[in-house]
Amino acid sequence: MNKEWVRTTVRDIPLYYNPKVKAIRMDTSTNVLGPNPAVNDVLEDCADMNLNQYPKPYSDDLRDALAEAYDLKADNFVVGNGSDEVLDIIFKTFMELGERVVAPYPSYSLHSFFVKVNGGHFETVDLTDDFHLDPDALIKARGKIIILCTPNNPTANAFDTDAVEQVIREHDGPVIVDEAYGEFADYSFMPMVNDYDNLIVTRTFSKAYGMAGLRVGYMAANIDMAEQLQKIKIPYSLNRFSEQVAIAALRNHEYIDRTIELVQTEREKLSRGLEDLGFKPYPSQSNFILFRCPVPSSVMISRLADKGILIRDFGRQRLLENCARTTVGTEELNSMLLSKLKEVMDEWQG
Ligand SMILES: Cc1ncc(COP(=O)(O)O)c(C=O)c1O
């Protein structure tokens, strides 16, 4: 094929991370307690779900349930096939071809992907040495849209609320706050969506809710903004089954509470265990930990994968040299991870 046929803005985009190794997956920051039990409840009702019919185009039932959960209106919400879809909708709605979007670096790699596939120009502003936000620099970078993620992936820390609020207040354009890991953090911007004319908060059922395989995400904004975003969403993009599971999951607090408690207890222990092995873990308000390795991270991770556990390598990225990211597992998973890491490190030294 003639490469010139491909749109110039997307010509150099690589395929997304798609590891082929057979190993326990601690590389995707998903829920280690297994699928949300709401799946089983809804499976029983599947026969009555009229799956020969389309879902409602805008998933109104889930929007009603979200409104109830957050004490907002259904019209504040747009629901999609994962929060990745809702991020895509935002750029399609607000960004003209060639316009700039500014984001902190390092952060979630698909933010730049969605900007580029929609013909935009992606600019980054480095986080500080301890991975905090520089709000003045973000605002000065003069993007039409600012996108940031808190807690931040892959660094795992939540940014100072004041710094995020300054960005929302002072930026003259849409500000996206990606809260994919929001359930694990001390604060959320969700309750503030009606206070600002430019704030969009995105969330997902993939992480704390244990539904990554069902692909459900959502965003909230003030009603004027949400109405514009809703028009751009692909109608019916969220299937009936996933929508019903998400509604049931929102109403079942037990699994979420158990998840958050597990992450809080185990994160601390895992972090200490990593430190004892000579790694440098960074503070986390998420269900994953970023840590720096005293040896080349790519080799260490591939040796660990040979022993049956996969974690994610970020070691070739600027500012993340020799850094790796692991999901916080159950007690059992974490001790297996630590003992395999110890084996790798002992073999290295031996
Ligand atoms: C920061 C961030 N935003 C969004 C997503 C996408 O989530 P979803 O599964 O809802 O598309 C992820 C997934 O890893 C993420 O880390």
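The values are calculated or read from the model by the stated rules, or taken from the named source; none is laboratory data. Quick caveat: nothing in here was measured; it's all calculated off a predicted structure. Here the Cβ positions follow ideal geometry from the backbone for every residue, glycine too, while neighbour counts run over all protein chains shown.
Worth a mention:
- Filtered residue count, the range 67-109, keeping only those that are within 12 Å of the ligand (Cβ to nearest atom), more than 19 Å from Val216 (Cα to Cα) and aliphatic (A, V, I, L, M): 1
- Selection of the range 268-290 for residues being surrounded by fewer than 14 Cβ atoms within 10 Å (Cβ to Cβ) and not small (Gly, Ala, Ser) yields Glu268, Arg272, Glu275, Asp276, Lys280.
- Criterion (crowded, with 21+ Cβ neighbours inside 10 Å and of a type in the set (Val, Ile, Thr)) met by exactly one of Thr327, Thr265: Thr327
- Matching residues, the range 1-53, being of a type in the set (Lys, Arg), within 24 Å of the chain's Cα centre (by Cα) and more than 16 Å from the ligand (Cβ to nearest atom): Lys20, Lys22
- Residue within the range 36-50 that is in contact with a Ser or Thr (Cβ under 7 Å, 6 or more places away or on another chain), without any contact (Cβ under 8 Å) to a residue 60 or more places away in the chain and farther than 16 Å from Ile232 by Cα present: no
- Boolean, Ile247 is hydrophobic (A, V, I, L, M, F, W, C), more than 26 Å from Thr327 (Cα to Cα) and modelled with pLDDT of 95 or more: no
- Some residue of the range 268-278 being part of a loop (DSSP other than H, G, I, E, B) and modelled with pLDDT of 95 or more: yes
- Residue in the range 126-154 that is surrounded by the most Cβ atoms within 10 Å (Cβ to Cβ), counting only those that are in a loop (DSSP other than H, G, I, E, B) and small (Gly, Ala, Ser): Gly143
- Helices (runs of 4 or more DSSP H) (entirely within the range 3-115) containing at least 2 residues that are modelled with pLDDT of 95 or more and of a type in the set (Asp, Glu): 60-70, 82-94
- Test result for Pro135, under 19 Å from Glu170 (Cα atoms), assigned by TED's automatic domain parsing to the domain that holds Ser242, within 14 Å of the ligand (Cβ to nearest atom) and in contact with an Asp or Glu (Cβ under 8 Å, 6 or more places away or on another chain): no
- Test: residue in the range 306-317 that is of a type in the set (D, E, K, R) and assigned to a loop (DSSP other than H, G, I, E, B): yes
- Residues located in the range 190-205, provided they are touching a residue at least 40 places away in the same chain (Cβ under 8 Å), away from the ligand (no atom under 12 Å from the Cβ) and crowded, with 24+ Cβ neighbours inside 10 Å: Ile200
- Within the range 120-132, the residues that satisfy the criterion of being more than 16 Å from the ligand (Cβ to nearest atom) and either of a type outside the set (Gly, Ala, Ser) or modelled with pLDDT under 95 (or both) are His121, Glu123, Val125, Asp126, Thr128, Asp129, Asp130, His132.
- Subset of the range 230-253 [of a type outside the set (A, V, I, L, M), away from the ligand (no atom under 15 Å from the Cβ) and over 23 Å from Phe189 (Cα atoms)]: Lys231, Pro235, Tyr236, Arg240, Phe241, Gln244
Per-residue answers, yes or no, for (1) buried (at least 24 other Cβ atoms within 10 Å of the Cβ); (2) hydroxyl-bearing (Ser, Thr, Tyr); (3) outside the structural domain of Thr93 (by TED's automatic domain parsing); (4) more than 11 Å from the ligand (Cβ to nearest atom):
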| position | (1), (2), (3), (4) |
| --- | --- |
| Ala156 | yes, no, no, no |
| Asp162 | no, no, no, yes |
| Glu170 | no, no, no, yes |
| Gly182 | yes, no, no, no |
| Ser188 | no, yes, no, yes |
| Gln228 | no, no, no, yes |
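- Residue tally, condition over 20 Å from the mean Cα position of the chain (by Cα) and in contact (Cβ under 8 Å) with a residue 24 or more places away in the chain, over the range 298-317: 7
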